[in-house]
Amino acid sequence: MLKVFNTDNPETFKLKGLHWANSFSTACYFDSNHYSDPYSAFDVFIAAGVKKELNHSDKGSFDQLNDFLTENHDFIPGYFAYDLKNQAEDLYSLNPDHLGFQDIFFFLPQHSIQIKGNKVQITTDVPDDLWKVLNEYEIPKSGNATSKPKIQSRFSREEYISSVKEIQKHIQRGDIYELNFCQEFYAENYCINPLEVFIQLNDISPTPFANYFKINNHFIISATPERFLSRRGNKLISQPIKGTSSRKSNIIQDEEQKNLLLKNEKERSENVMIVDLVRNDLTKSAKPGTVKVEELFGLYSFKQVHQMISTVVCQVKEDLQNTTIISNTFPMGSMTGAPKISAMQLAEKYERSKRGVYSGALGYFAPNGDFDFNVVIRTILYNADSNYLSFHAGSAITLDSEPEKEYDECLLKGMAILEVLSLNTP
């Protein structure tokens, strides 16, 4: 049953909803953090409790998901792990997996809440009862980490730089044009309060696709700024990010940083390469002649970084299943490189950890056939059973790349996460 209510204080209400949802074994929370976006359907989406779920890692995951969506008509949140690439293409993942997330997870919620402005839409058996529960809910006191972490990388600085130089040899030979090369930062025996870490990360680094996802003792804690793919009616929208620069506290210097990013030929060429890749991916699902670049080299500012974001759109072919549309474009080109297959093969060779959920996609399917999925970057992954915490950071390697600067870019992208983890050190 669906019912709409009005709240005088949506910020407090969404925080209560987040804490309430976290009391369930499975829950998710998506927050646009007030970024204006013509393609967003709501400001906040919360889902809690499971009626049915799809939790799968074997071959046929996309077919399983299509059946699940056919049988269940509601808002269906979930994620696609990067390693589903192996089902979309003839690829493999042999690097160590320390986290244990499944390749695909979606669930039909017992309770779902959408907030847009002051409107709260509740879908559950008795919406009035849940409305009362949420308004009376007392937010529990926070609890931080109970162990001191040692954040390590799978690469030393020298090893990362050496690997970049090897990747550039492949570019010189013509194997690829660009590779998104990622490294894992991790902490073992690290006990955190995942919800409090998310709240702190979302405060330090608010982004338009922030999310918190709890699946029993597996947690996704994300401050991602990037959209993978959205469907609105018969329109598909993809918004790859390529191009990053740091923020400056001085307004004039910060504006100079933006201008330098916009004029940087290396960053522009990287962006164009990925835009071309995304255009090619979308043609598999598009009506002929409808793929176009709606915005090229858009400059967007977040708390830690400026980003260069382009928008590619198309009109979707009739009678094409949503799961086919996603598999046609998965994973996001900004997280692979170009050409896509060769880049993913080389990423597997040079990286030292299974990416798993990182550089996959997280979002929802709507009952009207629309969907919206982000790219899982700037994200902490946490296994509370093993107390293993992980986050990846990557950089686009081209022939013009300076290996030392690519390593520094990884650190820049992980800055907000490292700041939050330092706050959670007892």
_Farthest positive-ward along the chain dipole, Cα basis, beta-carbon charges - from 300, 137, 78_ = 300
*Under 1.5 on a/c is rounded, so check that first for segment 271-366, then, if it is not, pick prolate when a/b is larger than b/c and oblate when it is not; a ≥ b ≥ c are the square roots of the alpha carbon gyration tensor eigenvalues.*
oblate
*What size of dipole, in debye to the nearest 20, comes out for the chain about its Cα centre when the only charges are +1 on Lys and Arg C-beta atoms and -1 on Asp and Glu C-beta atoms?*
320
*Per-residue [θ]222 nm for the chain (sum of -39500 (n - 2.57) over DSSP H runs n ≥ 4, rounded to 500)*: -10000 deg cm²/dmol
*If packing is taken as the mean number of other Cβ atoms within 10 Å per residue, what is the order of 177-184, 312-319, highest first?*
177-184, 312-319
*asked:* Which residue fluctuates most in the GNM of the chain (Cα springs below 10 Å): 77, 109, 127?
replied: 127
*Whole-Å distance, taken between Cα centres, linking segment 216-231 and segment 256-281*: 23
*Alpha-carbon centroid distance for the pair segment 82-136 / segment 288-305, whole angstrom*: 26
*Under the classification rounded if a/c is under 1.5, otherwise prolate if a/b is larger than b/c and oblate if not, where does segment 187-325 fall, given a ≥ b ≥ c as square roots of the Cα gyration tensor eigenvalues?*
oblate
*Once the Cα gyration tensor of segment 28-77 is diagonalised, what are the square roots of 5 times its eigenvalues, in whole Å and ordered largest first, as equivalent ellipsoid semi-axes?*
26, 13, 11
*What Kirkwood hydrodynamic radius do you get for segment 2-423 when you take the inverse of the mean 1/r over all pairs of distinct Cα atoms, in Å?*
21.8
*Could you run the Debye sum over the Cα atoms of segment 1-89, one equal point scatterer each and no solvent, and tell me log10 of I(q)/I(0) at q = 0.11 Å⁻¹, two decimals?*
-0.45
*Residue separation times 0.36 nm, minus the C-alpha to C-alpha distance between residue 254 and residue 57: what's the value?*
66.5 nm
*Beta carbons within 10 angstrom, averaged per residue: use that to sort the peptides 199-206, 296-303, highest first.*
199-206, 296-303
*Please report, in whole Å, how far the alpha carbons of segment 296-418 spread along each principal axis, starting with the longest.*
47, 42, 34
*Could you tell me the distance between the Cα centroids of segment 316-330 and segment 1-68, to the nearest Å?*
22
*asked:* Could you give each residue of segment 103-120 its phi-based ³J(HN,Hα) in whole Hz, using Karplus coefficients 6.51, -1.76, 1.60 with θ = phi - 60°, and x for Gly or Pro?
replied: 6, 8, 8, 9, 9, 8, x, 6, 9, 9, 9, 10, 10, 9, x, 9, 8, 10
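Coordinate-derived values only; no laboratory data. All figures in this text were calculated on a predicted structure; none of them were measured in a lab. Note: ideal-geometry Cβ built from the backbone for every residue, glycine included; neighbour counts use all protein chains shown.
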